[in-house]
1. Taking all protein chains as present, what is the carbon and sulfur share of the accessible area of the range 32-130, in % to the nearest whole number, probe 1.4 Å?
2. Counting Lys and Arg as +1 and Asp and Glu as -1, what is the net charge of the other residues whose Cβ lies under 9 Å from the Cβ of His89?
3. Which residue, Pro105, Pro29, Pro64, has the most motion in a Gaussian network model of the chain that connects Cα atoms within less than 10 Å?
4. For the range 1-54, what is the accessible area per residue in Å², given a 1.4 Å probe and the full set of protein chains?
5. At what distance in nm do the modelled label points of Glu92 and Arg50 sit from each other, each positioned 7 Å from its Cα along Cα→Cβ?
6. Set the Förster radius R0 to 30 Å, insert the Cβ-Cβ distance between Ile61 and Asp22 as r into 1/(1 + (r/R0)^6), and round the FRET efficiency to 0.05.
7. What is the Cα convex hull volume of the chain when expressed per residue in Å³?
8. Once fully extended, how much extra length lies between Glu121 and Val31, figured as 0.36 nm per residue of separation less the alpha-carbon to alpha-carbon distance?
Amino acid sequence: MHPFRKAAEAHDMAAMEALLADDVVFTSPVVFKPYTGKPITMAILRGVLRVFEDLRYVREISDPDGRDHAFVFRTTVGGREVHGCDFVHVREDGLIDELTVMVRPLSGANALAEAMGAQFERIEREALGG
């Protein structure tokens, strides 16, 4: 099991943070522009774990060189079932420099967008250290 998956399933934020490069790029399933940097990425991940009601990974796919991974998950947000995938790229030093999340169906993506939108003031404060 990849350490990112293990940390996410355990809600171990310190372990997740230790896996991220300082210049990690997070691409959201519901926002066009990617977010760059560990502080905002961690704040978003904390928000996600607050709104995901029952995160469970159902499949892990890795390329032969171990630098690209796909973690297929299921969860519930606001009573809506969400299926998704975390795509992770690991650079040569072992740190994650890209994290892209995709979700389906549209009703689940909409529920996630609404729940995360309600969290965003808190996420911004956390990203700024507040």
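1. C and S fraction of accessible area: 53 percent.
2. Net local charge, His89 excluded: -1.
3. Pro64
4. Solvent-accessible surface per residue comes out at 50 Å².
5. So the label points at Glu92 and Arg50 sit 3.9 nm apart.
6. 0.65
7. 98
8. On the way: separation 90, 0.36 × 90 = 32.40 nm, distance 1.53 nm.
Between Glu121 and Val31, full extension yields 30.9 nm more.
The values are calculated or read from the model by the stated rules, or taken from the named source; none is laboratory data. Treat the numbers as computed from the prediction; the structure is a model and nothing was measured. All Cβ positions, glycine included, derive from the backbone under ideal geometry; neighbour counts span all protein chains shown. We work out accessible area using only protein heavy atoms, side chains counted, and drop any ligands, DNA or RNA first. Shrake-Rupley method; radii C 1.70, N 1.55, O 1.52, S 1.80 Å.
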